[in-house]
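Novice: Here it is, the structure in full.
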Amino acid sequence: MRILLVGCSGFVGAELVPLLLERGHQLSLVSRQPRPLPAVTDPRLERLQADPADPASWQRPELREALQAAEAVVNLAGEPIAEQRWTPAQLRLLESSRVATTRALVAALAARPQPPAVLVNGSAIGYYGTSLTGRFDEASPAGSDVLGRLCQAWEAAAAEAAAFTRLVILRIGIVLAPGGGALGKMLPVFRTGFGGPIGSGRQWMSWISRTDLCALIAAALEDPAYSGTFNAVAPNPCTMAAFAAELGRTLGRPSLLPVPAPVLQLLLGEGAQVVLEGQRVQPARLQQQGFAFRYPELSPALAAATSPAAH
């Protein structure tokens, strides 16, 4: 297929783009960066520099052409959630990078005479709010906190596309892979022997290996049986304490020094709640769909993500 990719030039895209090329697809990658994923050299990968949140970008001839030719679209656009303090400006950026991008993209798709066959759109398990005791599946209601409201607005923008194409929304958990994401931040600390659980350690971590997430996106693109909303998480969530202990064991390092909640709050402000509170999410619909996880258990997922070959 010819696939248009938005928000796929970073941490997830580094594995997704090579996988889709391997599966024989032709790709147009829209990114604000001049040359995203420089390590990927393939004549079937076209790079287009533009701001996908700006509706005017989609009027440019090269983007209109890529949009016109696309049989499928993947939109994972969004500023990282927990990397900076949630100042008013940062919150606006978190929202516009997701909601404005999705709105502009869906409007551009709706204006096409021949819409694509499928749109795979990102969302996050932050949709459910945070809880130490609750269990969430796709039927659970949205949370009323900042992330719950953000994810609702994001999904509502994507939902407009359901009128003209098969829509798949993926509520993505903590993505495990080397070189980025939450694990990328934790690894240097754990490797020195100073790692440990963050906060109380009782909060839930609903995670997915990047390899499984990319396989899921490919399946959602290629298999018409995928439709609607799916929790993109492995079937075995764990507590932060169990995650820290397993990571220490995998690296052969102690993992006893907890990171106190106030330290994280000092660094991240409100954004710390993503790491301090968490939620226990089950991939009920993926299991019904028969999706085969390569890494359903944490231990092999961490071993794969931290092996020298992974870097």
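Novice: So for the range 102-112 (the condition being outside any strand (DSSP E or B), in contact (Cβ under 8 Å) with a residue 40 or more places away in the chain, open to solvent by less than 40 Å² (accessible area, probe 1.4 Å) and under 20 Å from residue 224 (Cα atoms)), does at least one residue qualify?
Specialist: For the range 102-112, residues outside any strand (DSSP E or B), in contact (Cβ under 8 Å) with a residue 40 or more places away in the chain, open to solvent by less than 40 Å² (accessible area, probe 1.4 Å) and under 20 Å from residue 224 (Cα atoms): present.
Novice: Which one of 258, 235 is under 19 Å from the mean Cα position of the chain (by Cα) and either of a type in the set (Gly, Ala, Ser) or closer than 21 Å to residue 302 by Cα (or both)? Give the steps one after another, and end with the answer.
Specialist: Values: 258 fails: under 19 Å from the mean Cα position of the chain (by Cα).
From the options 258, 235, the qualifying one is 235.
Novice: Hey, another quick one. Filter the range 182-201 for residues that are out of contact with any helix residue (DSSP H, G or I) (no Cβ under 6 Å at 6 or more places or on another chain) and among the small types (Gly, Ala, Ser) and give the result.
Specialist: Passing the criteria: 182, 184, 193, 200.
Novice: Additional query: When you look at residue 241, is it under 23 Å from residue 122 (Cα atoms), open to solvent by 20 Å² or more (accessible area, probe 1.4 Å), among the aliphatic types (A, V, I, L, M) and touching a residue at least 12 places away in the same chain (Cβ under 8 Å), yes or no?
Specialist: So residue 241 fails the test.
Novice: Oh, and also: Looking at 177, 159, 153, 142 in this structure, which one is without any contact (Cβ under 8 Å) to a residue 12 or more places away in the chain and among the aliphatic types (A, V, I, L, M)?
Specialist: Testing whether each residue is without any contact (Cβ under 8 Å) to a residue 12 or more places away in the chain and among the aliphatic types (A, V, I, L, M) leaves just 159.
Novice: How about the range 276-298: which of its residues are in contact with a Leu (Cβ under 8 Å, 6 or more places away or on another chain) and open to solvent by 40 Å² or more (accessible area, probe 1.4 Å)?
Specialist: 277 - this is the single residue of the range 276-298 that is in contact with a Leu (Cβ under 8 Å, 6 or more places away or on another chain) and open to solvent by 40 Å² or more (accessible area, probe 1.4 Å).
Novice: Then there is this: Which ones in the range 183-230 are modelled with pLDDT of 95 or more, surrounded by fewer than 17 Cβ atoms within 10 Å (Cβ to Cβ) and part of a helix (DSSP H, G or I)?
Specialist: Within the range 183-230, 222 is the sole residue that qualifies.
Novice: Let me ask something else about it. Looking only at the range 231-274, count every residue that is within 24 Å of residue 141 (Cα to Cα), part of a helix (DSSP H, G or I) and polar (S, T, N, Q) and tell me the total.
Specialist: Result for the range 231-274: 1.
Novice: Can I ask one more? Which residues, taken from the range 21-42, are more than 18 Å from residue 215 (Cβ to Cβ) and outside any loop (DSSP other than H, G, I, E, B)?
Specialist: 26, 28, 29, 30, 31
Novice: Picking from 131, 123, 97, which residue would you name as being assigned to a loop (DSSP other than H, G, I, E, B) and of a type in the set (Ser, Thr, Tyr)? Spell out the reasoning first.
Specialist: Details: 123 fails: assigned to a loop (DSSP other than H, G, I, E, B); 97 fails: assigned to a loop (DSSP other than H, G, I, E, B).
Among 131, 123, 97, only 131 is assigned to a loop (DSSP other than H, G, I, E, B) and of a type in the set (Ser, Thr, Tyr).
Novice: Something else: Given (1) open to solvent by 50 Å² or more (accessible area, probe 1.4 Å); (2) in contact with a strand residue (DSSP E or B) (Cβ under 9 Å, 6 or more places away or on another chain), where does residue 252 come up short, assuming only one miss?
Specialist: (2)
For (1) within 20 Å of residue 221 (Cβ to Cβ); (2) among the hydrophobic types (A, V, I, L, M, F, W, C), each residue gets a yes or a no:
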residue: 126; (1), (2): no, no
residue: 137; (1), (2): no, no
residue: 144; (1), (2): no, no
residue: 151; (1), (2): no, yes
residue: 162; (1), (2): yes, yes
residue: 165; (1), (2): yes, no
residue: 170; (1), (2): yes, yes
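Residue-by-condition table, conditions (1) out of contact with any Cys (no Cβ under 9 Å at 6 or more places or on another chain); (2) open to solvent by 20 Å² or more (accessible area, probe 1.4 Å):
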residue	(1), (2)
115	yes, yes
123	no, no
132	yes, yes
148	yes, no
154	yes, no
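The values are calculated or read from the model by the stated rules, or taken from the named source; none is laboratory data. Predicted model, so just to flag it, every value in this text is computed and none were measured. In this analysis, Cβ positions are derived from the backbone assuming ideal geometry, glycine residues included, and neighbour counts consider all displayed protein chains. Only protein heavy atoms, including side chains, enter the accessible area calculation; ligands, DNA and RNA are left aside. Shrake-Rupley method; radii C 1.70, N 1.55, O 1.52, S 1.80 Å.
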